[in-house]
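Chemist: The structure under discussion is supplied below as structure tokens; questions concerning it will follow.
The values are calculated or read from the model by the stated rules, or taken from the named source; none is laboratory data. All of these numbers come straight from a predicted model, not from anything done at the bench. All Cβ positions, glycine included, derive from the backbone under ideal geometry; neighbour counts span all protein chains shown. For the accessible areas, the whole protein counts, side chains as well, though only heavy atoms, and no ligand, DNA or RNA atoms are used. Shrake-Rupley method; radii C 1.70, N 1.55, O 1.52, S 1.80 Å.
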Amino acid sequence: TVISFMAFSYLHNKRSMDFYGSMPVSRRTQFFGRMVAVVASTIVPLIIVCLIGNGVVLFRGFEDAVVAFFCGTVGILGNIAFIAFIAVCCGTVGHSIVTYILISGVYPICVLVLTLYPQMVLPGMSGFSSFGEFPVSPVVLSLLSPFIAPVCVYGSGFMTALVSTVTSSSVIFDVNVPVSYYIWWTLFTAGLVVATYFLVKKRKSESAQSGF
């Protein structure tokens, strides 16, 4: 997240925009070149963390490492595309950060309130069927929150597998990530990239250091 904001911060500085605009490279090439650099700088550490961390700690080793890698990769790509889209739409770094926090933070809170409030008010209504099961689908909870999406989805599967292993007194430990998670974030990321592709070309240099 921090790397993404730093990479796209040139869009919010008039001097930087004038400098990069004077180069014989199109705006789209410069922008998506930075996006590729951000992806590379985040995916490589993720590979190392998944292979070493999950391979050593988790019971299933390599299989869990692969699941964690793909789950994290989809979330990271979505997060980068989300920040890139916001950076193009906003005029300052501050506006970009505030917009990102409001969308990513307010949405899951609203989902939790709308889900948990009726259960607390209406008698006999409860979404907790068993220990370790959350009343809200982690995919729904993180639809517009790419920062917490991998942690929410994989963490939910991790806790479910852990509870199942403990209660069944077996060594089977399988973390399952819903297919809907991959489908949603693949389509959502593709949509953001396409929208950003057209917006970068139309964005004026005067938009830097201005309002939304």
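Chemist: Within the stretch 163-175, identify whether any single residue is surrounded by fewer than 20 Cβ atoms within 10 Å (Cβ to Cβ), under 25 Å from the mean Cα position of the chain (by Cα) and at pLDDT 80 or above, and answer yes or no.
Modeler: No, the stretch 163-175 contains no residue that is surrounded by fewer than 20 Cβ atoms within 10 Å (Cβ to Cβ), under 25 Å from the mean Cα position of the chain (by Cα) and at pLDDT 80 or above.
Chemist: Related question: Pairs under 6 Å by beta carbon, first residue among the hydroxyl-bearing types (Ser, Thr, Tyr) in the stretch 164-192, partner open to solvent by 40 Å² or more (accessible area, probe 1.4 Å) and modelled with pLDDT of 85 or more, six or more apart or different chains?
Modeler: Sorted first by the residue in the stretch 164-192, then by its partner, the pairs are Thr189/Leu77.
Chemist: Can you pull out every residue in the stretch 75-94 that is outside any helix (DSSP H, G or I) and of a type outside the set (S, T, N, Q)?
Modeler: Those that are outside any helix (DSSP H, G or I) and of a type outside the set (S, T, N, Q): Cys90, Gly91.
Chemist: While we're looking at this one, here's another question. For the stretch 43-60, state whether one or more residues are within 16 Å of Ala7 (Cα to Cα), open to solvent by less than 50 Å² (accessible area, probe 1.4 Å) and at pLDDT 80 or above.
Modeler: Yes, the stretch 43-60 contains at least one residue that is within 16 Å of Ala7 (Cα to Cα), open to solvent by less than 50 Å² (accessible area, probe 1.4 Å) and at pLDDT 80 or above.
Chemist: Taking the residues in the stretch 1-18 that are within 22 Å of the chain's Cα centre (by Cα) and assigned to a loop (DSSP other than H, G, I, E, B) as candidates, determine which candidate is surrounded by the fewest Cβ atoms within 10 Å (Cβ to Cβ).
Modeler: Thr1
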